[in-house]
1. Under a cut-off of 12 Å between alpha-carbon atoms, report the aspartates and glutamates in cross-link reach of Lys138, not counting same-chain residues fewer than 8 places apart.
2. Relative to the longest principal axis of the chain, what angle (0 to 90°, nearest 10) does the C-alpha long axis of helix 313-332 take?
3. What is the sum of charges around Arg128, taking Lys and Arg as +1, Asp and Glu as -1, for the other residues whose C-beta is under 11 Å from the C-beta of Arg128?
4. How much of the calculated P(r) for the stretch 33-148 lies past 16 Å, in percent of all Cα pairs?
5. Out of the total accessible area of the chain (probe 1.4 Å, heavy atoms of protein only), what percent is carbon and sulfur?
6. For all pairs of alpha-carbon atoms in the stretch 167-225, what percent lies in each bin of width 5 Å, listed from the first bin to the last filled one?
7. For the stretch 194-346, what is Rg from Cα atoms divided by 2.2 N^0.38 Å, rounded to two decimals?
8. Can you spot the aspartates and glutamates whose alpha carbon is less than 12 Å from Lys235's alpha carbon? Ignore those fewer than 8 places along the same chain.
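The values are calculated or read from the model by the stated rules, or taken from the named source; none is laboratory data. Predicted, not measured: the structure shown is a model, and the values here were computed from it. Here the Cβ positions follow ideal geometry from the backbone for every residue, glycine too, while neighbour counts run over all protein chains shown. Accessible surface is based on the protein model in full, side chains and every heavy atom, while ligands, DNA and RNA are left aside. Shrake-Rupley method; radii C 1.70, N 1.55, O 1.52, S 1.80 Å.
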Amino acid sequence: MPAKPTPTPPATDTTSAAPPDSPRPHHWLVWADAERIAPVSALVDTLGDAIAIAGIGGSRDTAVAQFAKAHDTALSDDLRALIASTEVDGLLIASAEGVGPTDLALAVDNGVEVRALELPITNLADLRTALGTEGGPKGESPLIITPAVARLPGLARASDPMATLGDPRAVHVRHVGPPQAGTVWTRLVDAWLAVLTFGAMPETIDATLRSAAARQPDDPLAVHGTVLAHGRGLKSAAATVVVSDQAIATRRRLEVFAAHGTLELTDHAFLVLADGDPPVDGTPDPHTPADPADLLADHWRQLDTQPESHPKLTRLRQAVACGLATLLSARTGQPESPHSLLEIDR
């Protein structure tokens, strides 16, 4: 019997084997000054092809101009014109100078997400003008302070710690660093956002400001020094907040004292302490300052992959009210109510 002929394999279509298109990078506008352009540049280098710079504005300092040149983009000093003329996914605010509520409102109306190293809004009326009152489809804030204490890297590694620890009884936040790394105002709002993530808004806030200035400036963005604040209320966990722009290096710490244990978070690590010994969960802390670019990149990855990490607009409004009540208390020497500030703004 003759042998059966060997079947010829089908020809390979090399054109169909091409790899799928790479994900489109997110296009961002950057508004920066000389002090904040370095971490922004490091962030862009860290994120690589995931981000593309479509426009740059802010101060005409040499460092900002060099950043613009490196990204083959003209440097603008008109944020509104920059937003109106550029189709982008997001706006990164790395300077509070030259940013008004109508600028941010234009970005929000165009569907642009705003991430802010500095919070340029210092009152509730301007916050409403800039961001509206509804937020995104699930009430998300169109503006996000980054990197946020409420999203410390250690928290992402902890597995639902509050399910183990129970109801919060007290929350402590410490957010300190040098002046060039952030204003007292932005640190203060960010710290209260972290408090509100784990508890209700306090009924009153009693605060002290220690500063070299003879008097407290009227503009929250011009406040320098160290602020200590105590929030209290019958329905909210007790809260203590310490923020400063007088420290040598940036350090952030969040502690939650709950019904069945304690959660400790830093820029590097987390520790869950519950009944018994050893700790329920945790990672080692090297007790060294974290790299600002690493903190930024970590938070941005969370924001891009975990929609639930986006803060609600109502919570941002509450945090701004707490920040304003803190500075008001530091001025008057009396406890002040963030609830009253929100009622006035209705």
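1. Excluding near neighbours in sequence, the set is Glu308.
2. 30
3. Around Arg128, the surrounding residues sum to -1.
4. In whole percent, the share of Cα-Cα pairs in the stretch 33-148 beyond 16 Å is 60.
5. 53
6. Spelled out bin by bin, the stretch 167-225 gives 4, 15, 24, 24, 18, 10, 5, 1, 0 percent.
7. 1.17
8. Asp167, Glu203
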